[in-house]
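The values are calculated or read from the model by the stated rules, or taken from the named source; none is laboratory data. In this text the structure is predicted, and so the values were computed from the model without any measurement. Here the Cβ positions follow ideal geometry from the backbone for every residue, glycine too, while neighbour counts run over all protein chains shown. Note: accessible area is taken over every heavy atom of the protein model, side chains too, but ligands, DNA and RNA are not part of it. Shrake-Rupley method; radii C 1.70, N 1.55, O 1.52, S 1.80 Å.
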Amino acid sequence: MHLLSQLNPQQRRACEITEGPVLVLAGAGSGKTRTLTYRIAYLIKELGVAPEAILAFTFTNKAAQEMRDRVEALVGAAVRSMWLGTFHAVAARILRQEIAVMGYGPRFGIYDAEDARNLVREILREMGLDDKKWPPAQLLSHISRAKNAFLTPDDWSDASFFGRRVQEVYARYQERLRALNALDFDDLIFLTVQLFDRFPEVLARYHRRFQYVLVDEYQDTNLAQYRLIRQLAAGHRNLCVVGDDDQSIYGWRGADVRNILEFQREFPDATVIRLEENYRSTGNILAAANAVVRNNRERLGKELWTRKEPGERISVYEAPDENAEAWQAAQIVGLAVQQGIKPSECAILYRTNAQSRAFEMALSRVGLGYRLVGGKRFYERKEVRDLVAYLKVVYNPLDDLALLRIINFPRRGLGEVALERLAAYQRERGIALYQTLGEAEAVAGLSPAGQRAAQELCELFGHWRAVAAEGDLAQLVRTVAEESGLLPLYQREGTSEAEDRLENLGELISEARRFQIEQGTADLGDFLSWVALVSEWDQTDQRSDGVWLMTVHSAKGLEFPLVVLAGLEEGIFPHARAFDEPSGLEEERRLFYVAVTRACRRLVLMHAKTRIVQGRAQSNPPSRFLTEIPEELLEPLDFVRPREGAKVERGATCFTLGETVTHPRFGRGTVVATRGEGEDTEVTIAFPGGGVRSFLAKYAQLIKEA
């Protein structure tokens, strides 16, 4: 059987046209990943291209691993020599080999968002500025935009008071990063592009290596990523970009939809292939998505279609308020679960994270488990960051920021006074803090106990570097966790919180083992780069069985048999910020298109008459996106009652889920949940005109209907 025999004609064409620039417009659910996978396999298996001559960019580590696994299943283990990863991961890999010519050491650290904020706070203290008046996150946002526009501190043009302050912070920030032999996320691509611009002979080596360049999710690229792609693809011009202009939803973080819209202008000889057959959704869902996104002007144009039946019409529910909206969503999901669907096959989507609280409460009350995307991530937890900080210093002794984090944690007798003495010696000598530890005997005013503690810590790091050289990454992480005192600290505590922290440290050790097996390397620098570049989506647990709660942005790339999309009011979705300019409203419409096309079989759209936003009640009209869907595709949804007949008795109070009761103030309502026992029994009632309310059953003036 031919390798491409299972693909449709357009997918097959996207694989077979290998020479020159190719733009694949891949609509939602059209088999984009499958097409990319088979294109790579076709190059290797049918055309005999060496895997190491192929470079492919993805936007998450998870996507890269999935693609690598799929290609390996088609062509075998040879694919492991292919370069496949995120833009930042590929850039970091290039810089590890080439950065010396830029004045950095190859063992540079990579600072994540929290590291960068801490460094800016330190700079603000040195400048005598209040970090509440000058929020580090805001300053870093301006610095990030400058780097993505390839503006150095010397190129800064904003001469306002605020602009000059940002410029000064930016200049000091870059100086400190260089002194620490560290880069932030934006530096990875920024410096790689600079490297290729300044040293064309280096770029020429990569041109000789990479004959084919592929880019996934091209609609989400920013200017810096675009320039890196152009540089690397310039050698052979065999550039294949795959994306969907209708799913460009990250303009707020720098993505530029013009990159995909203007691809044909940049490459007049480009072949354009449209993947429009959708394998995910029913006909009615696709008709709604097409109808809405057709109202955008900035698009290349395509029309999704499917061989599936039209399916159910799209349900629309108008709730009295956000609590009633959440309860209705919980009941819809609960009923679907009773009918045999898995909770993990259901998703409740919303525009902003702040909307999640009501849905969390509603699902908890009806006894449905959920997984909240966007909560505290694994690599943001204190104990994990502490262990990673130790590993950073093992790899890069110049990283003062990482060393300061753990120099006295767990406590080892290097308190504030000792740190002041060490810092004074460090400033006087102009050396790294790590070197100061090794010279502790010469530090004026440092007690004998402090000298011993400093030297012992320095010796520990030397010992760990020797362990790292043995080539067992998991063993290194375990050794550092034990000998640093982190594991013993939490083992001694014995609390449930300490148990959680121990589990997380154990998971980091396991992660190191998995990394070594999957990536085929035990290099600590590679592991730290991978840790630093893990995205929020990479850390989402997809194995647990619970209803998905997430923003539409987080849902991109996923699909669910049942999708409930909430908050469809003007000012909520589309968001109020989008009204300032036409491009903002078009991106909101693309975001709605993404939300709708997550649904496979059933889609429920919800809006509320009133909603509390930032402490104030709002009454906003329904979203314009609802009016852009043809009426024949929609059907109003009545209140979904909970499963009837389930009695809940607590003490002297007995309620039946689904029964009707009357309250003297709120009128007739339906029992949707109970919890607690005895005098603490709480009953929750959904009132069609008054939202969802909870009462202590003992005191509630509820009259049951006969």
Residue 369 passes all but one of (1) over 17 Å from the mean Cα position of the chain (by Cα); (2) surrounded by 16 or more Cβ atoms within 10 Å (Cβ to Cβ); (3) not hydroxyl-bearing (Ser, Thr, Tyr); which number fails?
(2)
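Keeping to the range 269-298, report how many residues are part of a loop (DSSP other than H, G, I, E, B) and at pLDDT 95 or above.
Of the residues in that region, 11 qualify.
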Return the total of residues in the range 249-266 being open to solvent by 20 Å² or more (accessible area, probe 1.4 Å) and of a type in the set (A, V, I, L, M, F, W, C).
2
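To keep it simple, each residue is scored yes or no on (1) part of a helix (DSSP H, G or I); (2) at pLDDT 90 or above; (3) over 19 Å from the mean Cα position of the chain (by Cα); (4) crowded, with 21+ Cβ neighbours inside 10 Å.
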{"position": "301", "(1), (2), (3), (4)": "no, yes, yes, no"}
{"position": "310", "(1), (2), (3), (4)": "no, yes, yes, no"}
{"position": "323", "(1), (2), (3), (4)": "yes, no, yes, yes"}
{"position": "329", "(1), (2), (3), (4)": "yes, yes, yes, yes"}
{"position": "333", "(1), (2), (3), (4)": "yes, yes, yes, yes"}
{"position": "379", "(1), (2), (3), (4)": "yes, no, no, no"}
For residue 118, which of the numbered conditions (1) of a type in the set (S, T, N, Q); (2) open to solvent by 50 Å² or more (accessible area, probe 1.4 Å); (3) modelled with pLDDT of 95 or more fails to hold?
(3)
Look at the range 388-446 and say how many of its residues are under 36 Å from the mean Cα position of the chain (by Cα), closer than 23 Å to residue 126 by Cα and open to solvent by 50 Å² or more (accessible area, probe 1.4 Å).
3
How many of the residues in the range 154-175 are part of a helix (DSSP H, G or I) and open to solvent by 50 Å² or more (accessible area, probe 1.4 Å)?
10
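Looking only at strands (runs of 3 or more DSSP E) that fall completely inside the range 580-633, which ones have 2 or more residues that are open to solvent by 20 Å² or more (accessible area, probe 1.4 Å) and at pLDDT 95 or above?
Numbers: elements: 599-608, 611-613, 616-618.
The strands (runs of 3 or more DSSP E) meeting that bar are 599-608.
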Within the range 14-32, can one find any residue that is part of a helix (DSSP H, G or I), buried (at least 19 other Cβ atoms within 10 Å of the Cβ) and modelled with pLDDT of 95 or more?
yes
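The rows are residues; the columns are (1) open to solvent by 80 Å² or more (accessible area, probe 1.4 Å); (2) in contact (Cβ under 8 Å) with a residue 60 or more places away in the chain; (3) assigned to a loop (DSSP other than H, G, I, E, B); (4) of a type in the set (S, T, N, Q).
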position: 462; (1), (2), (3), (4): no, no, no, no
position: 466; (1), (2), (3), (4): no, no, no, no
position: 477; (1), (2), (3), (4): no, yes, no, no
position: 492; (1), (2), (3), (4): yes, no, no, no
position: 500; (1), (2), (3), (4): yes, no, no, no
position: 508; (1), (2), (3), (4): no, yes, no, no
position: 528; (1), (2), (3), (4): no, yes, no, no
position: 545; (1), (2), (3), (4): yes, yes, yes, no
position: 549; (1), (2), (3), (4): no, yes, no, no
Mind checking whether some residue in the range 335-351 is among the hydroxyl-bearing types (Ser, Thr, Tyr), open to solvent by less than 30 Å² (accessible area, probe 1.4 Å) and over 18 Å from residue 599 (Cα atoms)?
no
Against the conditions (1) within 24 Å of residue 114 (Cα to Cα); (2) modelled with pLDDT under 90; (3) in a loop (DSSP other than H, G, I, E, B), where does residue 410 fall short? Just the number, please.
(2)
